[in-house]
Each structure stands twice: as structure tokens, then as C-alpha cells.
Amino acid sequence: MYKDIVLSIITGLFAVSTTLADPPQIQVEDLIVTEFMPSPTGYDYDREWFEVYNASPDAIDLQGLKVRGNGTQYFTVMGYNPVNSGQYFVFGVNSDPELNGGITVDYVYNYRHFSLSSRGDEISLLRGDNVIDEVYYDAGLEGRSCFLPNKTLDNSLTESWLFSKLPVNYYGNDNNIGTPGDFNEDVIDVEIVDAPIEAFRGDTVFLAVKVSNVTDHTTTFDGWISATKDGVTYIPFALFDNHLFDSVETTKTVGIRVPEFAPIGEYEVKINIGTFDTTNWSDLTLIDVR
């Protein structure tokens, strides 16, 4: 009986130890696919990659995670591969920066088992039979990553994705652009909400400009207004800048002075926000100068 009690205690301790060592279960949307490169400049079998984000409050071990594409393509993550809460994790087909375009890869998978079609495909994350995240996309653009501007968007919808418009050679030196393993790029939504339809030479023209940060991170940007007639900018630039927190919008009143000797006629007045993508192209208006 004494031996039975000792055995029972040891068994109980072992059970508790095993329970404590078990990693937390991955729930739906704990892991989110946030960016991928389906059509890199160069060889696909060296330079394809995709990125996942840990949206849960806990660190997640990716061991055993199954990544599935369209049809029969898939691979399973082998070994201990933790990703902390709020961190990105990059999967790639090659870990050598000299060959993969200059990125840092956290996990290498076999291109023959899983590849991203440039004509449209899917990326599904599964733990067992449970689908954690699922992405469908249409045809890619060479050298540009597809990125999710805000992690609250439904990434299973193709319209939620944008192509990167960062400067060429943003990473590496082979004309590929994207932000693997880092915040996705800034996307500013711009709209001229109020402007006069005409002005006289010598007037100061005031425009109300609504600027929205549609991403999930804070951004600081510079903007300016230009007024162009027949391809030539006659009215001086009006500069403005802003610091916007995630998902915040603001309206600014900006004034530009029409020179005394500006040519008479219709001017195209446009808002410019650096190299940022603008998802709303109503940042243009026409003013008739008399």
C-alpha cells in the first residue's frame, strides 16, 4: 500500500508537470498572415517569403503548425520555433541573404512542398484540423509584396490587400520591396473636403484636407499641396505635416497664395503625401483662376 501511495504521488506530480509544460492552444486569429512575396524579382525558389504576426497575448510555439496552399501543397513546422506576442515571424525558402534578396528568415521551408503562385493562391495556417488563418489572393506584381495595411481587416478578402509602394530596394539590392519581419508600410487616406471653385490672382485660397491613418501603427508624414496648369506648377507649394496614431483621422485647413501674375485658367490642385499609398483618390480638385 505504501508503494501504491508513493506511485500515486509520483504519477500525480508527473501529470501536473506535463500539464504545465503544455504550450497554450492556438486559437483562431491568434496568428495572422500579414505580408507575402508571391512574385519576387529574381528566382522564386530562392526569394519567396511570407510573414505571420502573433496577435495573441502569449508567446506561441509554431512547432506542428501546418501551412497549406492551394491544392495539395503544404509543409509542417518542425522543431521549437517560438514567436512572442506582438512579434512577426518570417517564413522563407532560403536563409542566405545573398540569395534570398537580403531578408532575415526565421524558418526555411521547402519550395517543392509549398510555393506562392504569382497567378493567385492561398495561404492557410492549421493546427491539427483547426484553421487558424486563411488568406486568398489574386495575381501578384513582380518585386512587390502584398501587405495587410491593418490587422483588423479581414485578410481572407482579396480587397483587404495592397501591393507595396515603398521606394525600390527597400530591402536588399535587387528591386524587391516590402517590410518582411517589420511593421507594414504606412497608408494615408487623403481627401479634399472643402475648396473654392474659383479664385483671383493675389488671393489666398484655403482648402480643408482630411487625412486618415488607416494602418494599425502610428505614422509621421509630410504633405504638400501643388497647383498645376498645363503640366506646369505656378502656384507655390503649401506645406503641412502631421503625426497620426493608428486608425485616427484629422482635418487641416491649408492656405496657398495665388501669385499676382499667375496665368489665368483652370488649375489642378493636388495633395501629395510623400511615397505613401493613398486608398482614396479624392485628393484632387480644380480651381479656376481669374
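One table, with the values for the structure above:
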item: Kirkwood Rh in Å, taken over all unlike Cα pairs in the stretch 73-138; result: 13.6 Å
item: Computed FRET value (nearest 0.05) for residue 253 with residue 183, which takes r as the C-beta separation and R₀ as 22 Å; result: 0.15
item: For peptides 261-267, 133-139, sequence by mean Cβ density within 10 Å, most packed first; result: 133-139, 261-267
item: Packing-based exposure ordering (other Cβ within 10 Å, fewest first) of 34, 152; result: 152, 34
item: Paramagnetic reach from residue 73 (point 7 Å along Cα→Cβ, amide N under 12 Å) across the stretch 84-103; result: 93
item: Sites residue 87 and residue 156, calculated FRET efficiency, Cβ-Cβ separation with R0 22 Å, nearest 0.05; result: 0.50
item: Potential lengthening between residue 260 and residue 201 on full extension [0.36 nm per residue; Cα-Cα distance subtracted]; result: 20.8 nm
item: The stretch 62-85 and the stretch 128-189: distance between their alpha carbon centers, rounded to Å; result: 19 Å
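We did not get these values from a lab; they are worked out from the coordinates using the rules stated. Quantities reported herein were computed from a predicted structural model and do not represent experimental measurements. Ideal geometry is used to build each Cβ from the backbone, glycine not excepted, and the neighbour counts take in all protein chains shown.
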